[in-house]
1. Quick one: what pairs do we get from region 75-92, first residue among the aromatic types (Phe, Trp, Tyr), second assigned to a helix (DSSP H, G or I), C-beta under 8 Å, 6+ apart or different chains?
2. Of the residues that sit in region 60-112 and are modelled with pLDDT under 95 and aromatic (Phe, Trp, Tyr), which one is surrounded by the most Cβ atoms within 10 Å (Cβ to Cβ)?
3. From the list 26, 36, 10, which one is surrounded by 21 or more Cβ atoms within 10 Å (Cβ to Cβ) and either in contact with a Lys or Arg (Cβ under 7 Å, 6 or more places away or on another chain) or modelled with pLDDT under 95 (or both)?
4. Residue 144: out of contact with any helix residue (DSSP H, G or I) (no Cβ under 6 Å at 6 or more places or on another chain), at pLDDT below 85 and in a helix (DSSP H, G or I), yes or no?
5. Taking the condition modelled with pLDDT under 90, of a type outside the set (Val, Ile, Thr) and on the phi > 0 side of the Ramachandran plot, does residue 53 pass?
Amino acid sequence: MPSPLAHAGAAAALVLGFSRPGHRPALRVVCAAAFASIAPDLDIVLAVAHPAGLDWHRGPSHSLVGAALIGAACAAAARVRGRAAWASVVGAAVLHVPFDWSTGEPGAPARYGVPWAWPFSSEKFIDPSPWFGAYKIDEAGFLANMWSPHALPVYLGELATVAGLLLLAAAVRWARARGAAGANRG
């Protein structure tokens with residue numbers, strides 16, 4: 001799974017891309033999007049508290065429907081206003097699903113995948129050619145492996161991905177500002 005920093009960085013890119021050119025995104029929206037981006041992983045609390053362990057993690061909260069509901073709840077709790085702001089918060093939560101889908105090692109067990117179509121199907125899928133590296137999360141090491149030396153390349157890959165997303169969002173914002181300026185002149 002990508003680290004919370006990768007999820008939050010992607011959320012920041014969404015907020016930047018959806019916000020109006022020339023306006024700074026509201027802190028409430030940035031915070032709601034950052035929280036929504038990591039909120040699907042709060043199911044890990046259930047995994048720690050229940051003997052079933054990791055079987056609970058990456059359940060309904062890691063589906064498109066579940067993540068969208070989490071994002072909507074985060075936007076409502078933060079009293080986010082406006083379609084673009086809502087889209088960035090809900091989108092930040094939904095983006096969690098493909099990020100986690102494309103994490104791991106080729107050939108990893110499907111139980112580490114995501115149930116894209118829940119509640120219609122609980123079948124889990126994992127990217128056969130993951131974009132993000134793996135922290136080797138298993139029952140033996142659980143999240144402790146996130147702090148091991150082999151995790152550095154994973155973090156560097158996440159950093160590169162988030163930097164690319166932020167550059168893309170800045171380019172979209174710049175293009176929208178140029179388009180608005182051109183429309184005002186014409």
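The values are calculated or read from the model by the stated rules, or taken from the named source; none is laboratory data. Because the structure is a prediction, the values reported are computed rather than measured. Neighbour counts run over all protein chains shown; Cβ positions are idealised from the backbone, glycine included.
1. 86/72; 86/75
2. It comes out as 101.
3. After applying the criteria, what remains is 10.
4. yes
5. Taking the combined requirement at face value, the residue satisfies it.
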